[in-house]
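Enquirer: The structure under discussion is supplied below as structure tokens; questions concerning it will follow.
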Amino acid sequence: MYMKKTLIVANWKMYPLDEDVAVELATKVEQGIKNVEGVEVALCPPFVYLIEIKKHLAKASLGAQNTFWEQEGAYTGEISPAMLKKLGCSYVILGHSERKNFLGETPEMINQKVRAVLAAKLIPVVCIGEKKRLKGAIRAELEWQMKGIFKDIPSSAISKIVLAYEPEWAISSQVHAQPATPQDCKETISFMRDALKGLWDETIAKNMTILYGGSVNSSNIKEFLLEGNAQGALVGFASLEAEEFIKLVGNLIK
Ligand code: PEP
């Protein structure tokens, strides 16, 4: 399989509360990763910190945690991919389970967002994942999510998408969360590639970048890449503490 750079996407969620804390975190991470080769790191802070944080990044890329599906217009409260592009973003996380659960985002809505993000020449990091750890039912659920999210997206655009396998039960904010095992991760990613083959073709299935997300930290990151076949990770809480996140990125090249 052809390998791209390992991708680590930091999802800061709705943290921290103060801009100076956000800038300090970004600055420390930037310093800590500046000599790391072969790993692309994208920091995705809340919208309100994007402009300030951009000023402090050189090595790390900038991303957003959401966007709307139109570029401009009468859509009160929304922020468009074109606006994010102008701010210097490269990535946009889409369809995170917290958005599905708290705001009712559906595969159809995420499909429109993927299109808009691609049109603005940003890279969508599309999350999919099952709610419960039920062997067997997982595949139908993930296939249904992928079919809806990627409906009618041309194959020429698909190669620019990053997929993140994020089982909801593994996300650290869930009660009793525990990370997937590398074996779970490997099996599901292999299934996802099979499903992508059915939806498009073998080349797309092989080349799609697939990340794992769910309670990743500096101690377990390597297992997900080496044994779990993930090409990187979407990292929530472990990205909010500079030392831990720098260690996580550094462990990838050890
Ligand atoms: C996430 O929010 O995408 C995530 C994976 O969170 P955590 O790493 O905290 O489980």
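The values are calculated or read from the model by the stated rules, or taken from the named source; none is laboratory data. Treat the numbers as computed from the prediction; the structure is a model and nothing was measured. Using ideal geometry, Cβ is built from the backbone for each residue, glycine included, and neighbour counts are taken over all protein chains shown. Quick note on the areas: whole protein, heavy atoms, side chains included, nothing else; ligands and nucleic acids left out. Shrake-Rupley method; radii C 1.70, N 1.55, O 1.52, S 1.80 Å.
Enquirer: Does Ala119 qualify as being away from the ligand (no atom under 16 Å from the Cβ) and modelled with pLDDT of 95 or more?
Expert: Yes: the conditions hold for Ala119.
Enquirer: Taking into account only those residues within segment 61-79 that are of a type in the set (Val, Ile, Thr) and open to solvent by less than 60 Å² (accessible area, probe 1.4 Å), which is farthest from Thr6 (Cα to Cα)?
Expert: Among those that are of a type in the set (Val, Ile, Thr) and open to solvent by less than 60 Å² (accessible area, probe 1.4 Å), it is Ile79.
Enquirer: Here's something else I'd like to know. Among the residues of segment 117-127, is any in contact (Cβ under 8 Å) with a residue 40 or more places away in the chain, crowded, with 16+ Cβ neighbours inside 10 Å and over 20 Å from Ala82 (Cα atoms)?
Expert: For segment 117-127, residues in contact (Cβ under 8 Å) with a residue 40 or more places away in the chain, crowded, with 16+ Cβ neighbours inside 10 Å and over 20 Å from Ala82 (Cα atoms): present.
Enquirer: Let me ask another. Criterion first (of a type in the set (D, E, K, R) and either closer than 17 Å to Gln31 by Cβ or touching a helix residue (DSSP H, G or I) at 6+ places or on another chain (Cβ under 6 Å) (or both)) does Glu202 satisfy it?
Expert: In short, no.
Enquirer: Here's something else I'd like to know. Consider Ala82 against the criteria (1) open to solvent by less than 10 Å² (accessible area, probe 1.4 Å); (2) under 25 Å from Glu40 (Cα atoms): it satisfies all of them except one. Which criterion is unmet?
Expert: Just one mismatch for Ala82, condition (1).
Enquirer: How many residues does segment 171-211 hold that are away from the ligand (no atom under 13 Å from the Cβ) and within 16 Å of Ile128 (Cα to Cα)?
Expert: 17
Enquirer: In addition: Does Leu57 satisfy the criteria of being within 16 Å of the ligand (Cβ to nearest atom), over 26 Å from Leu142 (Cα atoms) and of a type outside the set (Phe, Trp, Tyr)?
Expert: The answer is no for Leu57.
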